[in-house]
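Read-outs: derived from the displayed coordinates by stated rules, not from any lab. No experiment lies behind these values; they were computed from the predicted model shown. Neighbour counts run over all protein chains shown; Cβ positions are idealised from the backbone, glycine included.
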Amino acid sequence: MVKMPTLQGTDPEIKRQEIKEYFHLCYKRYESLFTIVLEDSAYYQKADLLRHPIIFYYGHTATFFINKFKFSSILNERVNPHLESLFAVGVDEMSWDDLNEKHYDWPTLKETQNYRDKVYDMVNHVIDTLPLELPITQESPWWVVMMGIEHENIHLETSSVLIRQLPIESVQEVRQWEECFNYGEAPQNKLLQVSEGIVQLGKNKDAKLFGWDNEFGTHEAHIPAFKAAKYMTSNAEYLAFIDDGGYNNDSYWCDEGKAWKAYANVQTPLFWKKYEDTYMLRTLSREIPLPLNWPVEVNHLEAAAFCQWKSNILGSTITLPTEDEYVRLRDESTVSSYIDSIKESKPIANIDLDGFASSVPVDTYKHGNFYDVIGNVWQWSRTPIYPFDGFKVHPMYDDFTVPTFDGKHNLINGGSWASCGNLATQKSRYGFRRHFYQHAGFRYIESNYEEKIVTDYYTTDSIIAQYCHFGWGRSPLEEALGVENYPATCATLALEYMKNKPRKKALDIGCAIGRSTLELARGFDEVIGVDFSARFIQEAQLLIDNGVLRYTMPTEGEIESFHEVSLAHFDLKKEAKKVSFWQADACNLKPLYKDLDLIFGGNLIDRLYDPRKFLEAAGERLNVGGLLILTSPYTWQEESTPKDKWIGGYKRDGENVTTLQGLEEILGNDFRLIDTKNVPFVIQETARKHQYTLAHMTVWEKH
């Protein structure tokens, strides 16, 4: 059986042939799955009310190749612009309370197959002619080729779930998709010890196998010892939950689970069919007597309810594992990696279609002291999918993962019998809505471990994002003009002015997202950052708490770029311990902000409603010899500051009054001006729209 090629090698032509064979396998295997569908009309039924009819998925994977090849400039011309628009989007399952009722004019099956045939020929031509250098990196056009192939593998699995939901009279048995006939009594499950240990997750850029963007980065955690079920939860175990009234007892269900249960009106898992007192199980092409020794297939909400029921029975905390706990179990069971498993003489798990096109008994594949650590069915975790430290969106598929960072998509682990290619690797990460059905079940554990991860949504508020980028990013114009990061430059200059002075405590007023605050902490024992905007302070605090901050920036129209700020990248993790952020009004600061060696007000005074009030109070807060450093472009506007409160930029008795003159009048009694200089900065609005500004820095010493 052809397996997923590595990205490395010494002979590009051999690698080209490996990828071509892999493409042929995956593309034709996907088409063969749909031979289970008996009649054309079934392609236009909604197997799942929350998803498109399966004709969409049959065309979608071919369209993906064209759209990504076009976007990455591998292709100049499309195959069929109409179909490539129709089959482009609409994949993620909808929430039951957010139904999309659009009507689509779907093409015939013959038209769709003709389109797929043309795309097949086109991809073959690309593979034959595209220049290839090894290793294949994320910047290579061959990464996009692999992306198209692995995308088809994802839909091989999700489409097989939809085919399971078609009426039984609409499908037929196909030899290539033979299902298991081994049924029997389930083994008695029991909890086994898993020792404590360190888990390390994430890929680096030198990884041997293709991966989706959420797999890259780093994550490490210490996992205390816990107990895990020896087997996946079987149909027999779950049947006991049903027989005990599990679906009718709301105390076992979370609020989301109760809402879904009321909408779906369910009493059993989706693939169970009840006929009088007998349960049947729907597979791809058959209805069979419920195999008690197969793993149950449920959504996350059902799995969590079972765990609550089990907790009541055992009198201990039974729960779904976190992603980290699953990895700790996998590490202890010493399951072979994907690359090593290829070398095995026989299948090591019911995965990668190496066995049957269905589940098998839960005691078939042993991994250490446990069974089915990988394969058979996916295992729900209680971890919402989140980005690892260092996560970066791949520009060729920027909406693959980011939409799932919403706290509503939980990770599934381990793969299923239908998981091929990337899905079968130990580094894969897939998150689905909690009401979603996959070939997924669960393994319960006994654990009191509290996970410490953040679901880290991207900040999309345009003003917040703009200030995030101003403080922590780097715009093309800054790079072209050689302009350094403005908040960091101001902080560096401030520390130079302070080098022979005490540096115990500093106040950063108008700190925005906190770059200057943290940079000042390189030279101060304590730095307090304050801003009038609670939203700015919230983002700054998130950065301190999590060590990472993510935001989107508009590039043009609806197109966005994705950015990550990491304290570790800027070598500011130690400084974060010396920093605190508070919301405050610069014109009405509380008395506690005192005994300061430095007050820094970056681009502040021309945005205050009463700048004189702020300036007159500054001397009372500074120690003798302390510095007040102000920067501003002096863009006085009545929207920010009533004109009668301006301290410069106006005429008095027919003469011009500059802001510097106004500062000297207000500060002259308590301060002496020791230096001035110009500091440039750039604010990016879109990829091609920037503001270039020259701020004036004034340095005042309290005497």
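Tabulated values for the structure
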{"read-out": "By average C-beta atoms within 10 angstrom, highest first, the peptides 117-126, 433-442", "value": "433-442, 117-126"}
{"read-out": "Vicinal HN-Hα couplings computed from phi for region 285-297 (Karplus, 6.51 cos²θ - 1.76 cosθ + 1.60; Hz; Gly/Pro x)", "value": "9, 9, 10, 10, x, 3, x, 5, 9, 8, x, 5, 10"}
{"read-out": "Dipole magnitude of the chain, debye to nearest 20 (Cβ charges: Lys/Arg +1, Asp/Glu -1, about Cα centre)", "value": "1040 debye"}
{"read-out": "Cα-Cα over 31 Å, subset of 15/366; 613/651; 3/118; 3/227; 408/574", "value": "15/366; 3/227; 408/574"}
{"read-out": "Amide H contacts of residue 485 (H built 1.01 Å from N, under 5 Å, at least 5 apart or other chain)", "value": "none"}
{"read-out": "Computed lengthening from residue 534 to residue 399, 0.36 nm per intervening residue step minus Cα-Cα distance", "value": "45.7 nm"}
{"read-out": "Residue among 570, 247, 236 farthest towards the positive dipole end of the chain, charges placed on Cβ", "value": "570"}
{"read-out": "Estimated vicinal HN-Hα couplings, Hz - region 469-475 in sequence order (Karplus 6.51, -1.76, 1.60; Gly, Pro = x)", "value": "5, 4, x, 10, x, 8, 7"}
{"read-out": "Contact order relative to length of the chain, as percent, for alpha carbon pairs under 8 angstrom and 6 or more apart", "value": "10 percent"}
{"read-out": "Shape category assigned to region 553-703 from the gyration tensor of Cα positions, a/c cut at 1.5", "value": "oblate"}
{"read-out": "Region 462-702, dipole about Cα centre (Lys/Arg Cβ +1, Asp/Glu Cβ -1), debye to the nearest 20", "value": "580 debye"}
{"read-out": "Sequence of 263, 365 once ranked by neighbouring C-beta atoms within 10 Å, starting from the fewest", "value": "263, 365"}
{"read-out": "Helical mean residue ellipticity (222 nm; -39500 (n - 2.57) per DSSP H run of 4+; nearest 500) of the chain", "value": "-9500 deg cm²/dmol"}
{"read-out": "Amide H contacts under 5 Å for residue 626, placed H, 5+ residues apart", "value": "702"}
{"read-out": "Integer Hz, Karplus 6.51/-1.76/1.60 couplings in order for region 682-688, x for Gly and Pro", "value": "10, 10, 8, 9, 9, 4, 10"}
{"read-out": "Of every Cα-Cα pair in region 636-701, the percent that sits beyond 15 Å", "value": "67 percent"}
{"read-out": "Separation of the residue 139 and residue 569 label points, Cα + 7 Å toward Cβ, nm", "value": "1.6 nm"}
{"read-out": "Gain on full stretching of the segment that runs from residue 249 to residue 612 - 0.36 nm per residue minus C-alpha separation", "value": "124.2 nm"}
{"read-out": "Distance in nm between pseudo-label sites at residue 264 and residue 76 (7 Å out along the Cβ direction from Cα)", "value": "5.1 nm"}
{"read-out": "Rg to Rh quotient for the chain, alpha carbon positions, Kirkwood Rh", "value": "1.06"}
{"read-out": "Label-to-label distance, nm, for residues given as residue 13 and residue 168 (7 Å Cα→Cβ offset)", "value": "5.5 nm"}
{"read-out": "Ranking of 675, 277 by count of other Cβ atoms within 10 Å, fewest first", "value": "277, 675"}
{"read-out": "Calculated FRET value between residue 356 and residue 312, using beta carbons and R₀ = 41 Å, to 0.05", "value": "0.70"}
{"read-out": "Computed E for residue 195/residue 220 - FRET, C-beta separation, R0 22 angstrom, nearest 0.05", "value": "0.80"}
{"read-out": "Order of 552, 322 under a 10 Å beta carbon neighbour criterion, fewest first", "value": "552, 322"}
{"read-out": "Efficiency of FRET from Cβ geometry, residue 178 and residue 205, R₀ 35 Å, rounded to 0.05", "value": "0.30"}
{"read-out": "DSSP-loop chymotrypsin sites (Phe, Trp or Tyr not before Pro) across region 129-195, with at most 16 other Cβ within 10 angstrom", "value": "181, 183"}
{"read-out": "Too-long pairs where the Cα-Cα distance tops 25 Å, listed order kept, from 68/346; 343/452; 590/702; 20/208", "value": "68/346; 343/452"}
{"read-out": "Listed residue (83, 141, 45) projecting farthest to the positive dipole end of region 12-175, Cβ model", "value": "141"}
{"read-out": "Long-range HN-HN contacts of residue 560 with modeled amide H, under 5 Å", "value": "555"}
{"read-out": "Region 12-175 - percent relative contact order, Cα under 8 Å, separation 6 or more", "value": "41 percent"}
